[in-house]
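Asks: First the structure, then my questions, so here it is.
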Amino acid sequence: MLSTLSVLAVATSVVAVVVTLTPVRPSPAAPGPAPVAVPPTVVPTSAPSVRTSDAPPTPDPTPIRTVASGERVNAGKGWQVWLTAEGKHWVGPDGYENTRSVTDGNVDVAEPGVSHQSEGGPKGAFHSGLYYGTRAAGRVELRNAEGRTAVAALLELPGRPGWGVWYVHTGTGMGEVGTALYDRSGKLLSELPLIPRSGPS
């Protein structure tokens, strides 16, 4: 009896060991989403270059007003300007008339050029002059030493005779100004250096 129990005890131990040592195989995992590849982080060593232009854009040409011979144009602030075949005429608030001829030999209309007359007062100055020697006038511009500009109005007689009149007002503080004539493409045709105003700055 004891022997039988001993055998059973040993057999039970062996079975327990066998059960304990038998590996359990897990069921295969359900397929999941494919792994996503993450690109490596790239740190730029320098910013891309940006091309800029230092040259300012070319201003649009100034419209040219065609006037009849002797037609008086109100130039503002008591000033009037008119053109005849002889040249430019103007009168200020004081009523005193002035003339700048294009036929007396002092203006060479065969070459591009510009003239400048100015009369000032406590509140600014009236500037005017001739432009000539071109049928493609684009604008007349005044510029002072600090780079401030004033663009003039342009007048011509019918038929584009190759000369015309410009005028513009400037306020106080403009100081000395130079005068420049440009064609319609923005090309400089003629210029005068800075000249002092005839009134207080």
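The values are calculated or read from the model by the stated rules, or taken from the named source; none is laboratory data. Computed from a predicted structure; not experimentally measured. All Cβ positions, even for glycine, are placed from backbone atoms using ideal geometry, and neighbour counts span all protein chains on display. In case anyone asks, the SASA skips ligands and DNA or RNA and just uses the protein heavy atoms, side chains included. Shrake-Rupley method; radii C 1.70, N 1.55, O 1.52, S 1.80 Å.
Asks: Cβ-Cβ under 7 Å, sequence separation 6+ or interchain: first residue in region 85-102 and on the phi > 0 side of the Ramachandran plot, partner open to solvent by 40 Å² or more (accessible area, probe 1.4 Å) and among the β-branched types (Val, Ile, Thr). Which pairs?
Replies: The qualifying pairs are 87/99; 87/103.
Asks: Looking at residue 167 and the list (1) of a type in the set (Ser, Thr, Tyr); (2) part of a loop (DSSP other than H, G, I, E, B); (3) within 16 Å of residue 87 (Cβ to Cβ), which single condition is not satisfied?
Replies: Single failed check for residue 167: (2).
Asks: Related question: Does region 72-107 hold any residues that are farther than 18 Å from residue 164 by Cβ and not in a strand (DSSP E or B), and which are they?
Replies: Listed by number, the residues that qualify are 77, 78, 92, 93, 94, 95, 96, 105.
Asks: Taking region 103-115 as the region of interest, how many residues are open to solvent by less than 30 Å² (accessible area, probe 1.4 Å) and within 25 Å of residue 60 (Cα to Cα)?
Replies: Let us first name the residues in region 103-115 that are open to solvent by less than 30 Å² (accessible area, probe 1.4 Å), namely 107, 113-115.
So of that shortlist, the ones also within 25 Å of residue 60 (Cα to Cα) come out as 113-115.
Selection size over region 103-115: 3.
Asks: For residue 100, which of the numbered conditions (1) surrounded by 13 or more Cβ atoms within 10 Å (Cβ to Cβ); (2) under 33 Å from the mean Cα position of the chain (by Cα); (3) of a type in the set (Lys, Arg) fails to hold?
Replies: Unmet for residue 100, out of (1) surrounded by 13 or more Cβ atoms within 10 Å (Cβ to Cβ); (2) under 33 Å from the mean Cα position of the chain (by Cα); (3) of a type in the set (Lys, Arg): (2).
Asks: Scan region 163-186 and report the pairs whose first residue is buried (at least 21 other Cβ atoms within 10 Å of the Cβ) and whose second residue is in a strand (DSSP E or B) and among the charged types (D, E, K, R), with Cβ atoms within less than 6 Å and a gap of 6+ or a chain change.
Replies: Cβ pairs passing all conditions: 164/156; 165/88; 182/139.
Asks: Look at residue 101 and say whether it is over 30 Å from residue 147 (Cα atoms), modelled with pLDDT of 55 or more and not basic (Lys, Arg).
Replies: yes
Asks: Something else: Filter region 137-155 down to residues that are open to solvent by 30 Å² or more (accessible area, probe 1.4 Å) and in a strand (DSSP E or B) and give me whichever is farthest from residue 193 (Cα to Cα). Working first, answer last.
Replies: Our first condition is that a residue be open to solvent by 30 Å² or more (accessible area, probe 1.4 Å); within region 137-155, this holds for 143, 145-149, 151, 153.
Then keep just the ones that are in a strand (DSSP E or B); that gives 143, 149, 151, 153.
Working: 143: 10, 149: 14, 151: 16, 153: 20 Å.
So the residue we want is 153.
Asks: Let me ask another. For region 191-200, state whether one or more residues are touching a Gly at 6+ places or on another chain (Cβ under 8 Å), assigned to a strand (DSSP E or B) and under 25 Å from residue 69 (Cβ atoms).
Replies: no
Asks: Then there is this: State yes or no: is residue 158 in contact with a Leu (Cβ under 9 Å, 6 or more places away or on another chain) and open to solvent by 20 Å² or more (accessible area, probe 1.4 Å)? If you could, list the steps in order and put the result at the bottom.
Replies: Values: in contact with a Leu (Cβ under 9 Å, 6 or more places away or on another chain): no; open to solvent by 20 Å² or more (accessible area, probe 1.4 Å): yes.
Taking the combined requirement at face value, the residue does not satisfy it.
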